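Worksheet: one structure, shown below.
The values are calculated or read from the model by the stated rules, or taken from the named source; none is laboratory data. Bear in mind that the values here come from a model prediction, so they are computed numbers and not experimental data. Here the Cβ positions follow ideal geometry from the backbone for every residue, glycine too, while neighbour counts run over all protein chains shown. When the accessible area is computed, the model is the full protein with side chains, heavy atoms only, and any ligands, DNA or RNA have been set aside. Shrake-Rupley method; radii C 1.70, N 1.55, O 1.52, S 1.80 Å.
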Amino acid sequence: MAPTHVLRCCQRGLAWIPVIFIALVVCWSYYAYVVELCIFTIPSIGEQIVYLIFFHLFFVMFVWSYWKTIFSQPANPSKEFCLPKAEKERYEKEERPESQQEILWRAATSLPLYTRTGAGAIRYCDRCQVIKPDRCHHCSACDMCVLKMDHHCPWVNNCVGFSNYKFFILFLAYSLVYCLFIAATVLQYFIKFWTLCRRKSAENCPKNELPDTHAKFHVLFLFFVAAMFCISILSLFSYHLWLVGKNRSTIEAFRAPVFRTGSDKNGFSLGFRKNIAQVFGDQKKYWLLPVFTSQGDGLTFPTRLVNADVEQAAVTLQPEPNKRAAEVPVSPVSPVSESQNRLLSNDQHANNIGDHQADSTLKSADSETITISMESES
């Protein structure tokens, strides 16, 4: 039997086959469009120049975003989410799940955690030996925990997550534009070549028909490939645009995240504009460029929990006095992130204004009552 490391090397090598296939298709499409279509087929020089300019613009953006999606290293949890050495040894020695959870609860008191497991426990990865931050999941293909993991894509041989999700969206967008441009500009020559192929001899063709050369096979096949990829990419791109608008990952779309108050599929949704900014950033001039502009650090995310009653949540999380701490662990009140704190401060400011107005109304009503009573006594 082959050693384990040899099998892993073979597995990693085979994982690059889809990427190599896409690279070969892209290289052939470049040759077929630039050489066979623009140089050997299109007779007009002006049309050639216009087609080549737009083609290379879309080609560069497509390759750039695809490259960034493939070679962006997935973001992993920081060291603060690792158990201390003493706690890790205690965790490994414990056999009872209740005792292990008690260790995790104590270690998570200072961590900004809002999500839990389906049973309400701390999310812990035994493989990576880290407490999972919110929206973090373990990828079995990459064998690591990935921050804000969306899915593992075989076509890029990489995990799509916090570090490259924007690049992945742009890769889908530019690949769709690339295929649409090729299909639209090749269509008229595809029709002419298709008509030419149905004739028995080129001598019977009208003068405006194209000559019967080997370029027709590249043009015909180029249109079919571009149309096929357009259909498949359009559905995937539309789905991920919907996920961005809802501020969800693919994993969260199939399994809603569980918070302290229960599962909530819209727990991370902040509104359409803020959801877009979470992925693409605040500066719109960088939205179409494959440069990292996503908000946050991948460890903490703003949630709708800031609108809840914090004091009431803290009270409901207290264990009953007649139960042991091991049986009912206390849920830590995690510190909110900067964006959460800003939203919370705005809500508190609005509440303070309402309370101040209510107090002023009560005071004015009391003063009028006292004045009326004094006049009646006089």
Report summary line: Note on the range 79-155: contact order normalised by length, alpha-carbon pairs under 8 Å, 6 or more apart, percent, works out to 24
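Longer than 20 Å from Cα to Cα, which of 93/148; 265/285; 166/284; 68/148; 166/246; 148/285 are they? Say none if no pair is.
The answer is 93/148; 265/285; 148/285.
Evaluate the charge dipole of the range 79-155 about its Cα centre and quote only its size in Debye, nearest 20, assuming +1 on the Cβ of each Lys and Arg and -1 on the Cβ of each Asp and Glu. Please report the intermediate quantities before stating the final value.
Working: 13 positive and 12 negative charges, 35 e Å.
Dipole magnitude for the range 79-155 comes out near 160 debye.
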Query raised in the report: Roughly to the nearest percent, how much of the accessible area of the range 211-284 is carbon and sulfur, given a 1.4 Å probe?
Result: 65
Query - Estimated vicinal HN-Hα couplings, Hz - the range 278-286 in sequence order (Karplus 6.51, -1.76, 1.60; Gly, Pro = x) - result: 4, 9, 9, x, 7, 8, 5, 5, 9
Query raised in the report: When the chain is fully extended, how far beyond the present Cα-Cα distance does residue 49 get from residue 92, taking 0.36 nm per residue of separation?
Result: 8.8 nm
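Quick one: pull the percent of accessible area on the range 79-155 belonging to carbon and sulfur, 1.4 Å probe, ligands and nucleic acids left out.
Working: 1960 of 3900 Å².
Ligands and nucleic acids excluded, carbon and sulfur give 50 percent.
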